[in-house]
Amino acid sequence: MSSGNAEITVGGVAVIAVALVLLTVLVHVLLAIGVYHDVETRRRSDCEVRFGGPWTWAGATLLMGLVGLGAYWAIHYSIFAATSGPPEIRA
């Protein structure tokens, strides 16, 4: 007889774990597709793509998820992307 409390079974935990893994895989795949398309767009616009091509960045994002996306963003879109050398010295 159940006392009305929700009981978590081993099977229920396994279902939740599998769902979280599938969600993580889906997010990584979608991020990788987005990065791939962005690299292709940058190439077509004659913008510089650093440290590899679309497959390199998509693979890195697929494996690392948000960390890979963050690295791509930092290298290509953040303030670090605008500085390609030492600052100019004006007299």
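The values are calculated or read from the model by the stated rules, or taken from the named source; none is laboratory data. None of the values given here were measured: they were computed from a predicted structure. We place every Cβ from the backbone using ideal geometry, glycine too, and count neighbours over all the protein chains shown.
Closer than 20 Å to Gly70 by Cβ and out of contact with any Gly (no Cβ under 8 Å at 6 or more places or on another chain) - does that describe any residue in segment 17-24? Lay out the reasoning, then the answer.
Initial filter on segment 17-24 (closer than 20 Å to Gly70 by Cβ): 23-24.
Filter once more, keeping what is out of contact with any Gly (no Cβ under 8 Å at 6 or more places or on another chain): 23.
Within segment 17-24, one or more residues are closer than 20 Å to Gly70 by Cβ and out of contact with any Gly (no Cβ under 8 Å at 6 or more places or on another chain).
Is it the case, given these coordinates, that Thr41 is touching a residue at least 40 places away in the same chain (Cβ under 8 Å) and under 25 Å from Leu63 (Cβ atoms)? Break it down into steps so the answer makes sense when it comes.
Details: touching a residue at least 40 places away in the same chain (Cβ under 8 Å): no; under 25 Å from Leu63 (Cβ atoms): yes.
It is false that Thr41 is touching a residue at least 40 places away in the same chain (Cβ under 8 Å) and under 25 Å from Leu63 (Cβ atoms).
Test Thr41 against the stated conditions and say whether it is at pLDDT below 95 and either of a type in the set (Val, Ile, Thr) or not in a loop (DSSP other than H, G, I, E, B) (or both).
yes
Can you name every residue in segment 64-75 that is out of contact with any helix residue (DSSP H, G or I) (no Cβ under 8 Å at 6 or more places or on another chain) and either of a type in the set (Gly, Ala, Ser) or surrounded by fewer than 12 Cβ atoms within 10 Å (Cβ to Cβ) (or both)?
Correct list: Val67, Gly70.
If we keep just the residues of segment 50-63 that are under 13 Å from the mean Cα position of the chain (by Cα) and over 13 Å from Glu40 (Cβ atoms), which is surrounded by the most Cβ atoms within 10 Å (Cβ to Cβ)?
It comes out as Thr61.
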